[in-house]
Amino acid sequence: MYRKIYESHQTLSTTSIQKISDNAVIPFDPANTDYQEYLEWVVEGNTPEEAE
Amino acid sequence: MASINLQGDTSGSISISAPSVAGSNTLTLPATTQTLATQNALGIRNLIINGDMQIAQRGTSFTVTGGDTAYRTVDRWKHVLGAGNWVVSQDTDVPTGQGFAKSLKLDVTSAVTSPASGLFTALQYSFEGQHLQHLKKGTSNAESVTLSFWVKATKTGTYIVELDDDDNGRNINKSYTVDASDTWEYKTITFAGDTTGTLNNDNGLSLRIFMYLVMGTDYTSGTLQTSWGTTVNADRAVGQVNTADSASNNFWITGVQLEVGDTATPFEHRPYDMELSRCWRYFYSGYAAGEYPGQAGASISFQQGSQSTGSWCGIVVAPFPTQMRATPTMTAYSPNSGASGKWYSNNTGTDQTANASGTTNGFKVSCQGNSPTPPNGMQVNFTANAEL
């Protein structure tokens with residue numbers, strides 16, 4: 001499970017995603033293996049929670 | 001001293017001399033045309049980082065219940081444990097007289113007596129493609145490589161090692177034999193060069209070593225593919241014993257070296273600081289030496305004093321000591337409680353939500369962007385993960 005993170009609350013631009021189980025912040029970098037796992041999770045039909 | 005003189009083509013000569021020795025000693029030369037200096041003499045010939053298992057930034061012991069796939073203890077070595085209960089640890093049981101201080105130990109605590117057909121259980125080491133261009137894979141000049149290591153296993157018999165070309169879906173598999181139970185043994189395996197399929201010259205995953213432990217029939221029902229070819233799952237681990245068939249079984253490994261050529265050379269012992277800095281490209285722990293991520297009561301690695309008011313509050317910014325492989329996954333930790341996703345306010349005595357982010361060259365930990373309450377005394381530890 002993942003949750004959106006807004007890097008700037010002024011622009012509300014999402015530049016990373018948080019893995020809820022360990023609070024790891026995953027960047028949107030195609031070379032990051034955690035991001036690759038997140039994309040696979042999305043392809044499976046899942047959607048991240050909105051930011052708190 | 002006896003010597004042999006070789007006359008140069010046009011002038012000069014080379015003398016090969018032997019000192020006075022007792023008995024007969026052997027100097028093994030490459031079986032193929034090589035330049036002796038580049039194969040056997042120069043440094044950084046071991047392509048593997050942390051082959052002697054001396055670096056463990058994440059922790060020294062981890063209990064696996066019902067399987068786990070992750071980097072948990074020694075750096076750069078990922079365990080892919082599809083089933084069973086294990087304790088994975090950095091251990092001090094090492095082969096005598098070889099100069100090693102640490103090994104990686106897998107202790108089976110709940111046996112896998114009936115492996116599922118799809119079970120995949122191995123140690124995995126991964127390479128960036130840009131670190132392997134000198135293998136000239138995919139060309140007519142492709143280099144062979146030799147893997148050497150020390151292994152000690154309770155379970156004797158046949159074990160399989162695979163080189164897996166992730167860029168091209170190709171692999172090659174070789175076997176080795178553990179002859180005696182619970183005894184350190186030295187193994188060498190040479191893999192031929194592959195003239196098909198170049199490795200990408202970038203920071204992505206290109207090549208993996210799989211050292212198998214117990215595999216399901218999906219991976220063992222064919223014929224072991226001992227030459228490079230398109231990966232066929234059934235041909236990957238044929239003959240592999242079940243390392244985990246008893247809760248009394250253990251498996252240790254250290255001194256892993258992969259080098260260009262068809263001859264294994266003595267393990268290249270590199271200094272601790274050199275090996276640690278190379279590990280930092282893939283995982284960087286902001287914790288003090290001997291402390292580990294999530295540890296409560298840990299030393300405070302980073303602290304920010306009074307913070308400004310407004311839309312941003314406390315921010316800790318620092319460079320990484322080396323450029324990371326990719327933009328890292330960042331996890332902040334409260335030094336006080338060890339809670340993840342938190343920093344600790346020594347003003348209020350409470351954990352606060354942290355927002356950690358980074359680039360390949362540095363990081364920032366700040367208050368959550370949507371909760372800009374200005375606190376004082378921001379204390380935080382963190383990890384940055386850019387592993388393959």
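Within segment B:313-337, which residues are modelled with pLDDT under 90 and facing another protein chain (nearest Cβ under 9 Å)? Within segment B:313-337, none qualify. Within the option set B:153, B:192, being of a type in the set (A, V, I, L, M), out of contact with any helix residue (DSSP H, G or I) (no Cβ under 7 Å at 6 or more places or on another chain) and open to solvent by 20 Å² or more (accessible area, probe 1.4 Å) holds for one residue only, B:192.
The residue of segment A:29-41 that is least open to solvent (accessible area, probe 1.4 Å), among those that are farther than 12 Å from residue A:17 by Cα and of a type in the set (A, V, I, L, M, F, W, C), is A:31. Taking segment B:66-94 as the range and being without any contact (Cβ under 8 Å) to a residue 24 or more places away in the chain and β-branched (Val, Ile, Thr) as the test, the residues that pass are B:69, B:92. Of the residues screened, residue B:130 is not one that is of a type in the set (S, T, N, Q), within 18 Å of residue B:56 (Cβ to Cβ), touching a residue at least 12 places away in the same chain (Cβ under 8 Å) and not in a loop (DSSP other than H, G, I, E, B). A count restricted to segment B:137-175 and to residues that are hydroxyl-bearing (Ser, Thr, Tyr) and not in a strand (DSSP E or B) stands at 5. Could you go through segment B:130-140 and let me know if any residue there is in contact with a Phe, Trp or Tyr (Cβ under 6 Å, 6 or more places away or on another chain) and open to solvent by 10 Å² or more (accessible area, probe 1.4 Å). Taking every residue of segment B:130-140 in turn, none turns out to be in contact with a Phe, Trp or Tyr (Cβ under 6 Å, 6 or more places away or on another chain) and open to solvent by 10 Å² or more (accessible area, probe 1.4 Å). No other residue among B:108, B:161, B:112 is of a type in the set (Val, Ile, Thr), open to solvent by less than 50 Å² (accessible area, probe 1.4 Å), over 25 Å from residue B:265 (Cα atoms) and touching a Leu at 6+ places or on another chain (Cβ under 8 Å) apart from B:112.
If residue B:77 passes every condition in (1) open to solvent by less than 60 Å² (accessible area, probe 1.4 Å); (2) modelled with pLDDT of 95 or more; (3) over 22 Å from residue B:260 (Cβ atoms) but one, which one does it miss? Of everything listed in (1) open to solvent by less than 60 Å² (accessible area, probe 1.4 Å); (2) modelled with pLDDT of 95 or more; (3) over 22 Å from residue B:260 (Cβ atoms), residue B:77 misses just condition (3). One residue stands out among those in segment B:14-41 that are farther than 30 Å from residue B:387 by Cα, outside any loop (DSSP other than H, G, I, E, B) and open to solvent by 70 Å² or more (accessible area, probe 1.4 Å): the one that is modelled with the lowest pLDDT, which is B:36.
Of all residues in segment B:265-291, which are out of contact with any Leu (no Cβ under 8 Å at 6 or more places or on another chain), under 30 Å from residue B:219 (Cβ atoms) and not in a helix (DSSP H, G or I)?
Listed by number, the residues that qualify are B:267, B:283.
Can you tell me how many residues within segment A:4-18 are in contact with a Lys or Arg (Cβ under 8 Å, 6 or more places away or on another chain) and either facing another protein chain (nearest Cβ under 8 Å) or at pLDDT 85 or above (or both)? Of the residues in segment A:4-18, 2 are in contact with a Lys or Arg (Cβ under 8 Å, 6 or more places away or on another chain) and either facing another protein chain (nearest Cβ under 8 Å) or at pLDDT 85 or above (or both).
State whether one or more residues within segment B:42-53 are under 29 Å from residue B:213 (Cβ atoms) and open to solvent by 80 Å² or more (accessible area, probe 1.4 Å). No, segment B:42-53 contains no residue that is under 29 Å from residue B:213 (Cβ atoms) and open to solvent by 80 Å² or more (accessible area, probe 1.4 Å). Selection of first residues in segment B:338-358 that are within 11 Å of chain A (Cβ to nearest Cβ) and outside any strand (DSSP E or B) and of second residues that are open to solvent by less than 10 Å² (accessible area, probe 1.4 Å) and modelled with pLDDT under 90, restricted to Cβ pairs under 9 Å at least 6 apart or on distinct chains, gives the following pairs, ordered by first then second residue: B:341/B:354; B:341/B:355; B:341/B:356. In segment B:205-214 there is at least one residue matching the filter, namely being within 14 Å of chain A (Cβ to nearest Cβ) and open to solvent by 20 Å² or more (accessible area, probe 1.4 Å). For segment B:184-214, the set of residues classified as over 30 Å from residue B:386 (Cβ atoms), part of a loop (DSSP other than H, G, I, E, B) and out of contact with any Lys or Arg (no Cβ under 6 Å at 6 or more places or on another chain) consists of B:192, B:195, listed by residue number.
Annotation note: of B:223, B:230, B:217, the sole residue that is farther than 28 Å from residue B:386 by Cα, at pLDDT 95 or above, open to solvent by 70 Å² or more (accessible area, probe 1.4 Å) and in contact with a strand residue (DSSP E or B) (Cβ under 8 Å, 6 or more places away or on another chain) is B:230. Specify the residue that is farthest from the other protein chains (Cβ to nearest Cβ); the eligible residues are those in segment B:359-374 that are modelled with pLDDT under 80 and buried (at least 20 other Cβ atoms within 10 Å of the Cβ). Selected residue: B:367.
Based on what the data block shows, is residue B:176 closer than 20 Å to residue B:257 by Cα and surrounded by 19 or more Cβ atoms within 10 Å (Cβ to Cβ)? No; evaluated as a whole, the condition is false for this residue.
The values are calculated or read from the model by the stated rules, or taken from the named source; none is laboratory data. Only a predicted model underlies this, so the values are computations on that prediction, with no experimental measurement involved. Using ideal geometry, Cβ is built from the backbone for each residue, glycine included, and neighbour counts are taken over all protein chains shown. The area values use the complete protein model at the heavy-atom level, side chains included, leaving out ligands, DNA and RNA. Shrake-Rupley method; radii C 1.70, N 1.55, O 1.52, S 1.80 Å.
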